[in-house]
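The values are calculated or read from the model by the stated rules, or taken from the named source; none is laboratory data. Just so we're clear, the structure is a prediction, and the values are computed from it rather than from any experiment. Positions of Cβ are generated from backbone atoms using ideal geometry, with glycine treated the same way; all protein chains shown enter the neighbour counts.
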Amino acid sequence: MATDAKEIIICKDVHKWFDRLHVLKGINLTVKQGEVLVIFGPSGSGKSTFIRTINRLEEHQRGTIIVDGMELTNDIRNIHAIRSEIGMVFQSFNLFPHLTVMQNITLAPMWVRHWSQEKAEKIAMDLLARVGIPEQAHKYPAQLSGGQQQRVAIARALAMQPKIMLFDEPTSALDPEMIKEVLDVMLELAKSGMTMLCVTHEMGFARAAADRMVFFDGGQLIEEGTPAQIFSHPQHERTKLFLSQILH
Amino acid sequence: MTASADTLGPPRTSVGVLGWLKKNLFSTWYNTLLTFVTLWFLWVVGSGLISWSLTSARWDVIAANWRLFMVGPFPPDQVWRVWVVVLFVSALFGVSGGVWGGTVRTFTMSLAGGYATLAVIALFVFPVSENLVWLLANLVIVLAAYFLARGRKGLQLWLVGAWLLGFILTILLLQGFVGSTWLPEVSTTQWGGLLLTFMLAIVSIVVSFPLGVLLALGRRSKMPAVKVFSILYIELVRGVPLVTILYMTQIMLPLFLPGELRIDNVLRAIAGMTMFTAAYMAENVRGGLQAIPTGQIEAAQALGLNNALVTLFIVLPQALRMVIPAIVGLFIALFKDTTLATIVALLELLGVARSVLAQPEYLGLQTEVYIFVAAVFFLFSYAMSFASYRLEEALGVGKR
C-alpha cells in the first residue's frame, strides 16, 4: 500500500444509538485506498455496527462519514451511489435462495449498472473462476456447501466492481474445514489491492493480510496498529486481555 | 456368500404391497379389527349409493338440461360462439402442454381425457347432435396442438401473449356487437351456467391478485397516506360478509351513480368479488412478506438496488412462493363463492340448478342435480389444488 494513497473512508466522531443504548461512542477512523483493515474485539463491542454504518445499513446519528468523497446523509441517491461502490459480505451469506448462483451474481450489475446480460454473465463466470467454483454457476444456493455459498457471496459483491469491500465476520458461520477456502479468496483479494474492512477473529488472516488492525471495545476504538505491533506489543490492557483469550 | 452391509436390501416384509398392507392395515389385532369394520361400513354406504345411482337415480335431468347447466340462458343459436372459445382454449392448452411439458402436459392430457369421456357419454345420451361433433373437434385439436408444439421452447413468450389475447377475444366473441348480423350482441344478463361461473371466477382471480399484492405492499409502506388507506380498506372489507358486498354493488352502487351510467350486472358482481378477495389476498401476501429475513433485504440493498428493485426481485418472489397454498386456497374459495351470485339474480351453475329444479317435470330431483353441481365444483377445485401442489414442487418450496 502506498502511503500517499488517497483517503477513501473518513469517519469523524461517529455516534450511534439503538433506542437509548449507546453502541458507537465517537469513532474516528480514516482508511486509505488499497488498505486492508482488520477490526476485532469482543462481541457487542460495536464493530459490526460500525462497518454497517459505512454503507448505511445502519444510520449514524452524530458525526460524519465520507466515503469516496461523498458524505453519507439521508439523501437517497447518495446512499444508492455509495452502496454500489461498496461490496458487502455477511456472516450468514444472505444469498438469494430463489435465484441460481449466476442470477445472484448478475442481478445487481444488470439492474443497477445496466450491463447487458452477456457482459454480466461473462464477468460472473470470471469471478466464479476466481473464487474457484465455476462449475456451480447454475445451481441454487441451497445445493452448495457453506464455504461455497460464502465464495459466491464474495463473487456477487465483486461483480459490482466495488472500490471497497466490507466483510462482517465472513467465516463465523462456517464449519472449520471450510474456513480456509474463504480466507484464501480474501487473501488473494487483499493482495490484488482492494480496500478491505474485515470484522474477523481469524488472527492468521490478520497477520498475513492486514495493513492495520483496529481493536474495538464498548463502542470505542481502543487501539490501532500494524499486526506486528498489535501481536507483539499491545499497548492497552483490554487489548492484551482479549488477545490472550483468543490466542491459545 | 454373505452380502456386505452396504449392499443389503431392506427386509421383504417392509417393502411392496404386502409390506404396506401389513404395516398399515394389519399390524396388530385391533388394527385388523378396525380395518374390517371400516371395510364393512364402506361397503354398506358405498353399495347403497352405487346401486341408487345406477338404478333409481334419474340422470336424464342432467342430460335434458345440459345446455342450461353449461351456458344458462345464452341464446341457443349463438352457442357456437361458446364452442369456438372452448376450441381456442383447447388449442392453447394443447400448445402449452407441448411447450412446457410436466404438469401442464398432465392437464392437457386430462382435458383430452375429459373430452373423450364426454364424447362417449354424449354418444349414448344424445346420439346425433352437434355437441358430439364439437367435442370430437376439441379432442382432435387439443391432441394435434400438443403434438405439433411438442418441444418448441421458443414459443413460450408467444404463448403467454396468446393466453392474454385469448382472454380479451373471449369476452369480445361472447358479448358480440350491437347491430351486427354475424355476431349479434348477447348481453351479460343472458350468460349463465358454468360459463358464467368461470367468467366470474377467472376475472375476479386475475384482477384481485395484483390488487391484493399492492394492498399488502401498501400496508407495509412508509408513506402514511398509502398505509392508512390500505389498512382501512383491508379491515373494512374483511369485516363485512361477501353477501353484503354483493348486495352493495348490486343495489346501492346504482344509487350513487348518475342515472344514465348503468354498469353491467355481471360486472358489478365481479367488482364485489374482486374487492372482497383482494382484501384477503393482501393479508395472505403480507404473511409472506413478513417471513422474509431482513438479511435478504440488507444484502440486496448493499448491492445498490433501490427499494422498488428489492421488492420486485428479492422480496415478492420469495414471499409469493411461500404463500402459494394460502393463495390457491383463496382462489378455490372464490371459485365456490361465485355461487353467491345467485342471490343477486345471476344464473350461474347453482342458479341454473335451482331454476331447473323449479320446473314441474323435475320436481324432487334435488339429489341428482346437486350431486352433479357438487361434482363439477369438486372437479375444478381439485384441479386448482393439484396445480398448486405441482407448482410448489416445481419452485422448490421448503427446499431452497
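Pick from B:R286, B:R354: which is assigned by TED's automatic domain parsing to the domain that holds B:L194, buried (at least 18 other Cβ atoms within 10 Å of the Cβ) and either within 26 Å of B:F107 (Cα to Cα) or not acidic (D, E) (or both)? Steps first, answer last, please.
Numbers: B:R354 fails: buried (at least 18 other Cβ atoms within 10 Å of the Cβ).
When all the criteria are applied, what remains is B:R286.
Kindly indicate the residue of the stretch B:54-88 that is within 22 Å of B:L347 (Cβ to Cβ) and not in a helix (DSSP H, G or I) and also nearest to the chain's Cα centre (by Cα) among those meeting that condition.
B:G72
Tell me yes or no: at least one residue of the stretch A:43-53 is over 18 Å from the mean Cα position of the chain (by Cα), modelled with pLDDT of 95 or more and either within 14 Å of chain B (Cβ to nearest Cβ) or within 19 Å of A:P162 (Cβ to Cβ) (or both).
Step one: list which residues in the stretch A:43-53 are over 18 Å from the mean Cα position of the chain (by Cα), which gives none.
No, the stretch A:43-53 contains no residue that is over 18 Å from the mean Cα position of the chain (by Cα), modelled with pLDDT of 95 or more and either within 14 Å of chain B (Cβ to nearest Cβ) or within 19 Å of A:P162 (Cβ to Cβ) (or both).
Just one of B:A291, B:A282, B:A333, B:A299 is farther than 21 Å from B:S204 by Cβ and more than 10 Å from every other protein chain (Cβ to nearest Cβ); which is it?
Result: B:A291 is the single residue among B:A291, B:A282, B:A333, B:A299 that is farther than 21 Å from B:S204 by Cβ and more than 10 Å from every other protein chain (Cβ to nearest Cβ).
Run down B:L135, B:L139, B:L143, B:L118 and say which single residue is under 17 Å from B:D60 (Cα atoms) and either touching a Leu at 6+ places or on another chain (Cβ under 6 Å) or modelled with pLDDT of 90 or more (or both). So that I can check it myself, show each step before the final result.
Numbers: B:L135 fails: under 17 Å from B:D60 (Cα atoms); B:L139 fails: under 17 Å from B:D60 (Cα atoms); B:L143 fails: under 17 Å from B:D60 (Cα atoms).
Every option except B:L118 fails the conditions.
Could you list, in sequence order, all residues of the stretch A:125-172 that are farther than 19 Å from A:D184 by Cα and either of a type in the set (G, A, S) or in contact with a Cys (Cβ under 6 Å, 6 or more places away or on another chain) (or both)?
Matches in the stretch A:125-172: A:A137, A:A142.
Let me confirm something: among A:T73, A:T100, A:T64, A:T106, which residue is touching a His at 6+ places or on another chain (Cβ under 7 Å) and more than 9 Å from chain B (Cβ to nearest Cβ)?
Sole residue among the options that is touching a His at 6+ places or on another chain (Cβ under 7 Å) and more than 9 Å from chain B (Cβ to nearest Cβ): A:T100.
Please give the number of the condition B:A91 fails out of (1) in a helix (DSSP H, G or I); (2) outside the structural domain of B:W163 (by TED's automatic domain parsing).
Looking at each condition in turn, B:A91 falls short on (2).
Let me spell it out: the conditions are (1) in contact with a strand residue (DSSP E or B) (Cβ under 9 Å, 6 or more places away or on another chain); (2) more than 13 Å from every other protein chain (Cβ to nearest Cβ), and A:I133 meets all of them except one. Which number is the exception?
Exception for A:I133: condition (1).
Would you point out which residue out of A:A159, A:A173 is surrounded by fewer than 23 Cβ atoms within 10 Å (Cβ to Cβ), of a type in the set (A, V, I, L, M) and farther than 23 Å from A:I10 by Cβ?
Values: A:A159 fails: surrounded by fewer than 23 Cβ atoms within 10 Å (Cβ to Cβ).
Step by step, each of A:A159, A:A173 is checked, and only A:A173 is surrounded by fewer than 23 Cβ atoms within 10 Å (Cβ to Cβ), of a type in the set (A, V, I, L, M) and farther than 23 Å from A:I10 by Cβ.
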